[in-house]
Each structure stands twice: as C-alpha cells, then as structure tokens.
Amino acid sequence: MPAPHGPRRRARITFSDSAAKQLDSITSEAELHALDRALVVVSVDPDAGELLPGDSTGPRLRQYVDDVERVRLVYWVTAIKTVVVVAFLEV
C-alpha cells in the first residue's frame, strides 16, 4: 500500500560561502564520498543532527556528526524544512 502522502522529498542542500570554500579544498575521493553520505542523511532527515546551544536571534544551528565516516556538519534548516544550509563542514 503506498504511503498516504506519497514519498518524502529530500531537502535541498546549499552551502554558505565559507562552507563552499571548505568543499573546494577537499581533494580526496574518500573524503568526498564520506561527505556525500552525511549530506544525504541530513537531506532525508533535517532533524538528524543535534541542536547546538544558542539564542533565538539567528537560525537554530544543528550539528551532525558521523564518527564512522569522520564527518561533521554544522547547518540550519529553513522554516519549511525544504532547504538545509551547511555553514561548516569537516572531513
């Protein structure tokens, strides 16, 4: 039986300028693959990461850490959860 609301759409991933520069500096195929896997996780479930402490004056930052792949993403999610903006990445 199909899901009542159809398949769940993935959130679109975008990068801040600083995260885009970090992405440009990655040259290892293994690191790119590990990063891609982490990005898929947060695009499918934007709430996968833990909320970071902060106040309500800016976007609520989240952190997703994959200890196996050794990837860390700091990101925020738009109000309607359709876009995930990656502010910082570490591979």
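The values are calculated or read from the model by the stated rules, or taken from the named source; none is laboratory data. Everything numeric here is computed off the predicted structure, so don't read it as measured data. Using ideal geometry, Cβ is built from the backbone for each residue, glycine included, and neighbour counts are taken over all protein chains shown.
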- Kindly list, by first and then second residue, each pair from a residue in region 53-71 that is without any contact (Cβ under 8 Å) to a residue 12 or more places away in the chain to a residue that is of a type in the set (D, E) and part of a loop (DSSP other than H, G, I, E, B), limited to pairs with Cβ atoms under 9 Å and residues at least 6 apart or on different chains. none
- Query: Quick one: in region 31-60, which of the residues that are modelled with pLDDT of 90 or more and more than 18 Å from R12 (Cβ to Cβ) is surrounded by the most Cβ atoms within 10 Å (Cβ to Cβ)?
  - Reply: A34
- Matching residues, region 67-91, being at negative phi and basic (K, R): R72
